[in-house]
Amino acid sequence: MLDLQQLRYFIAVAETENVGQAAELLHISQSPLSRQLQQLESRLGLTLFTREKKRLKLTPAGRDFLVEAKALLAHAERVKQRAADVGRGKLGTLVVGYVAGAVHAGVIGKALQALQQQVPGARLQLRSLPSAEQFAALQRGELDLGYTYAAPPVESGLASVLLLEEPFVLAVPADHALATAESLDLNGQPLVAPLSWPAREELLRACATLGWAPDVRYEAADPAAALGLVAAGLGCAFVQKSLVTVAGAMPVVLRELPATFTLSVQIHCVHQGSPSPLAHRLMMVS
């Protein structure tokens with residue numbers, strides 16, 4: 001493997017054509033510099049210089065090697081600078097997990113926009129994963145950051161910050177009686193339940209506190225899919241309030257729920273105990 005310091009010595013001598021002048025520029029004595037050049041020639045198996053009237057002249061092989069040496073040093077400097085930028089959070093790649101609710105609430109979009117303004121060179125990989133799978137992926141080091149519906153278990157060793165909490169609303173077909181009813185009663189009503197959050201059991205318990213016993217007939221992968229089923233007249237669905245803009249283009253009415261409805265949508269930013277500098281930047285703008 002080539003010694004980068006020897007390459008610097010070689011370039012200095014090649015450009016000055018004089019060991020004494022090169023030694024002054026490099027702040028070393030002539031003897032060590034000469035030995036370094038000899039070692040480089042020995043390592044390469046090449047004669048890099050010839051002596052002409054007390055000056056050193058590059059051989060054809062030396063001229064060719066000078067071009068490559070300069071290119072190699074320039075590349076090494078770029079690698080060094082890139083590593084420093086990554087260490088300062090000015091560059092790098094982030095792998096980020098998220099739940100659909102973080103997208104619909106605008107949390108991820110705003111955070112990533114702010115990060116791109118601060119760190120234009122940052123690269124991002126987004127992975128849609130349920131909260132529990134994000135916790136496991138963070139523990140395995142497969143994610144740098146996660147946006148989840150819940151805080152991680154204490155025993156996971158992960159840390160989190162609550163970014164957002166918003167209420168659920170009830171989405172009903174525009175031509176459904178509940179769209180204009182003075183009070184809501186979901187007893188026996190067909191319901192589209194989400195596959196992620198809230199869990200079916202928790203959703204039904206929250207309904208029970210209001211005396212409701214809806215009929216869960218469908219399950220949807222995400223809130224937007226649930227709204228599509230509601231728009232088709234297949235049932236009602238509990239969705240986060242920030243989906244009002246999505247629902248506005250559909251034949252769907254969003255009804256406020258009683259204040260005693262105990263569930264809400266929470267979005268947490270979850271990370272390892274010592275996030276990378278770039279992950280820390282994203283946390284700060286979330």
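For the reader, a short list of remarks on this structure follows.
- Total residues in region 137-155, condition free of Cβ contacts under 8 Å to residues at least 60 places away in the same chain and surrounded by 15 or more Cβ atoms within 10 Å (Cβ to Cβ): 2
- From the list LEU158, LEU145, LEU129, the lone residue that is closer than 30 Å to MET250 by Cβ and either at pLDDT below 95 or not polar (S, T, N, Q) (or both) is LEU129.
- Counting residues in region 175-184 that are modelled with pLDDT of 90 or more, within 17 Å of VAL252 (Cα to Cα) and β-branched (Val, Ile, Thr) gives one or more.
- Selection of region 6-54 for residues being over 16 Å from VAL67 (Cβ atoms), free of Cβ contacts under 8 Å to residues at least 24 places away in the same chain and aliphatic (A, V, I, L, M) yields ALA22, ALA23, LEU25, LEU26, ILE28.
- Test: residue in region 210-217 that is in contact with a Leu (Cβ under 6 Å, 6 or more places away or on another chain) and crowded, with 20+ Cβ neighbours inside 10 Å: yes
- Qualifying helices (runs of 4 or more DSSP H) (wholly inside region 175-286; at least 3 residues being assigned by TED's automatic domain parsing to the domain that holds GLY121): 277-285
- GLU17 being over 42 Å from the mean Cα position of the chain (by Cα) and modelled with pLDDT under 80: no
- Yes/no for LEU170 being farther than 21 Å from LEU210 by Cβ, touching a helix residue (DSSP H, G or I) at 6+ places or on another chain (Cβ under 8 Å), in a strand (DSSP E or B) and at pLDDT below 95: no
Okay, residues lined up against (1) in contact with a Lys or Arg (Cβ under 8 Å, 6 or more places away or on another chain); (2) closer than 26 Å to GLY106 by Cα:
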position	(1), (2)
GLU142	no, yes
ALA150	no, yes
PRO153	no, yes
ALA174	no, yes
ALA193	yes, yes
CYS207	no, no
GLY211	no, no
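- Only one of the numbered conditions (1) under 19 Å from ALA193 (Cα atoms); (2) at pLDDT 90 or above is not met by MET250, and that is (2).
The values are calculated or read from the model by the stated rules, or taken from the named source; none is laboratory data. What you are looking at is a predicted structure, and each value in this text was computed from that prediction instead of being measured. Cβ: placed from backbone, ideal geometry, glycine included. Neighbour counts: every protein chain shown.
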